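Remarks on the structure that follows.
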């Protein structure tokens, strides 16, 4: 379940939600508002969503309610409202005027794929990704500048 994958979030205020709705000119779905009241801008670790077509999409974080209506997606297509994103610059969006269904928007192709009919269903599709489909590196070697490596070790990064 998605709650187990959240490592950072805030709570959205009614005022912030009202401002977002004024920006987009529509009332946001109740399920999405309830989610933002508890998990606004949630960042997820190792999360993916599987849709009925067996496609998988990483879910990196949810868009903070304070920026709903002013992201790159909305500047590109004013009928879309970004609600979450992956690590590649793609977004999970709602589409005006109904704002019920959740779509995946590919920023490189401008393709819009319907994922599910409601935000609640979208949340229930989020699960932990075990990355078992990622091939393991074989014979991976590389050179690292010793001074850089020492600095990283001193900083606790290596």
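All of the numbers you see were taken from the coordinates with simple rules; none came from a lab. The model shown is predicted, which means the values in this text are computed figures rather than measured ones. Positions of Cβ are generated from backbone atoms using ideal geometry, with glycine treated the same way; all protein chains shown enter the neighbour counts.
Report Rg/Rh for the chain, rounded to two decimals, where Rg is the Cα radius of gyration and Rh the Kirkwood radius.
Across the chain, the Cα-based Rg/Rh ratio is 1.07.
Hey, with R₀ at 35 Å, roughly what FRET efficiency would residue 149 and residue 37 work out to, going by the Cβ-Cβ distance, to 0.05?
On the way: r = 45 Å, r/R0 = 1.29.
It comes to 0.20.
Sorted by average packing, counted as other Cβ atoms within 10 angstrom per residue and highest first, what order do 61-68, 24-31, 110-117 take? Mind dumping the intermediate values first?
Details: 61-68: 20.8, 24-31: 15.1, 110-117: 13.6.
Descending packing order for the listed peptides: 61-68, 24-31, 110-117.
Would you list 79, 50 from fewest to most Cβ contacts within 10 Å? Each step should come with its number before you reach the end.
Values: 79 11, 50 14.
Fewest-to-most Cβ neighbours within 10 Å comes out as 79, 50.
Test of understanding: ordering 76, 143 by Cβ neighbours within 10 Å, fewest first, what list do you get?
Working: 76 13, 143 5.
With the sparsest Cβ surroundings first, the list reads 143, 76.
Using the number of other C-beta atoms within 10 angstrom as an exposure proxy, rank 109, 49, 118 with the fewest first. Each step should come with its number before you reach the end.
Values: 109 8, 49 24, 118 14.
Ranking 109, 49, 118 by Cβ neighbours within 10 Å, fewest first, gives 109, 118, 49.
Would you calculate, for the chain, the mean residue ellipticity at 222 nm contributed by helices, counting each DSSP H stretch of 4 or more residues as -39,500 (n - 2.57) and dividing by all residues, to the nearest 500? Working shown, then result.
Values: 5 runs with 42 residues, N = 158.
So the calculated ellipticity at 222 nm is -7500 deg cm²/dmol.
With label points built 7 Å along Cα→Cβ from the Cα atoms of residue 8 and residue 56, find their separation and express it in nm.
With each label placed 7 Å out from Cα toward Cβ, I get 2.5 nm.
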